[in-house]
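The values are calculated or read from the model by the stated rules, or taken from the named source; none is laboratory data. Given the structure is predicted, the values throughout are model-derived calculations rather than measurements. A quick note on method: Cβ atoms are made from the backbone with ideal geometry, for glycine too, and the neighbour counts reach across all protein chains shown.
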Amino acid sequence: MFLYIIRHGEPDYTTDSLTENGIKQAKALAPRMQKHGVDEIYCSPLGRAKQTAQPTCDLLKLPMTIEDWMNEDELHKELSVDCGYGTRNWAFGCQNTKMKEQHYTAQNWHTNPIFRTCASALGGYNRIAASGDEFIERLGYKREGNIYKIITPSEKRIAAFCHHGISTTWLSHLLSIPPNILWSSFDISHSTVTMLVFRNNPDGYTAPQCMFLSDISHIYKEDAPLNAAVDLFISGDRP
């Protein structure tokens, strides 16, 4: 089985919709997903994710199945911290070196001061891990420890349109990478594609492998706009 985890396009968070650039990014995704031969499309219930998935659904003539557990708003409440001035932001958006200190491990990462003021850092992480496992089991692969028992071997190509927080949290669990390490070491941009493969091994067990992360090749192919920060980095310009 192939699992494509796709972040929504550039958003207007105040209206939970895509910007003009985000709409162009979503349209650029559709022919790429057609080329990959996607069989099923799942999506967060939030508007920005659904708007990103819609061009792919239209082109492939596939239904969009809503997965409530992919709603990032709930996870943001659990994993955000007070940034001052009445705003809250992702705890893992704090200085990344603070999350990589050696005495914070896969078992005690949530005791790092960065996460202590969250409403429920460990609870939020565990909720996404459990919901993600239930989702993968519906697709034919049952989690056992850090690997998956193959219940129903599949060659299907599954697309999941969701969000940054959901994607990175879920990837940490899928790949058995401590969340503080994954959050501090990897990032994903708008409208990007991450692909995992679940190989149908003859012994009946599999472990997903990441074939690519936050890929933006469709953006280049369709000459769609990049995320502003990525655009600056690639062009070499300075703000």
Residues that are under 13 Å from ALA160 (Cα atoms) and of a type in the set (A, V, I, L, M), drawn from region 47-61: ALA49, ALA53
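Residues are listed down the side, and each one gets a yes or a no for (1) assigned to a loop (DSSP other than H, G, I, E, B); (2) under 23 Å from the mean Cα position of the chain (by Cα); (3) surrounded by 16 or more Cβ atoms within 10 Å (Cβ to Cβ):
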{"residue": "LEU75", "(1), (2), (3)": "no, yes, yes"}
{"residue": "PHE92", "(1), (2), (3)": "no, yes, yes"}
{"residue": "GLU101", "(1), (2), (3)": "yes, no, no"}
{"residue": "ILE114", "(1), (2), (3)": "no, yes, yes"}
{"residue": "ALA119", "(1), (2), (3)": "yes, yes, no"}
{"residue": "ALA129", "(1), (2), (3)": "no, yes, yes"}
Among the residues of region 211-227 satisfying the criterion of being modelled with pLDDT of 95 or more and surrounded by fewer than 16 Cβ atoms within 10 Å (Cβ to Cβ), which is nearest to the chain's Cα centre (by Cα)? PHE212
Evaluate region 20-39: report whether one residue or more is in contact (Cβ under 8 Å) with a residue 12 or more places away in the chain, in contact with a Lys or Arg (Cβ under 7 Å, 6 or more places away or on another chain), within 14 Å of PRO63 (Cα to Cα) and crowded, with 16+ Cβ neighbours inside 10 Å. yes
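With respect to ARG48, determine if the residue is part of a strand (DSSP E or B) and either among the aliphatic types (A, V, I, L, M) or over 30 Å from THR206 (Cα atoms) (or both). I'd like the intermediate steps shown before the answer.
On the way: part of a strand (DSSP E or B): no; either among the aliphatic types (A, V, I, L, M) or over 30 Å from THR206 (Cα atoms) (or both): yes.
Here the answer is no, as ARG48 does not meet what is asked.
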Could you look through region 173-205, keep only residues that are crowded, with 19+ Cβ neighbours inside 10 Å and of a type in the set (Val, Ile, Thr), and pick out the one that is nearest to PHE135 (Cα to Cα)? THR194
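Take the conditions surrounded by fewer than 16 Cβ atoms within 10 Å (Cβ to Cβ) and either among the polar types (S, T, N, Q) or within 20 Å of LEU3 (Cα to Cα) (or both) and apply them to ASN71. Does it pass?
Against the criterion (surrounded by fewer than 16 Cβ atoms within 10 Å (Cβ to Cβ) and either among the polar types (S, T, N, Q) or within 20 Å of LEU3 (Cα to Cα) (or both)), ASN71 does not qualify.
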If a residue must be touching a residue at least 40 places away in the same chain (Cβ under 8 Å) and in contact with a Gly (Cβ under 8 Å, 6 or more places away or on another chain), how many such residues does region 117-153 contain? 4
Which residues, counting only those in region 126-171, are over 22 Å from ILE66 (Cα atoms) and of a type in the set (S, T, N, Q)? ASN146, THR152
Just to verify a result, which residue in region 103-112, among those that are more than 20 Å from LYS77 (Cα to Cα) and surrounded by fewer than 17 Cβ atoms within 10 Å (Cβ to Cβ), is modelled with the highest pLDDT? ASN108
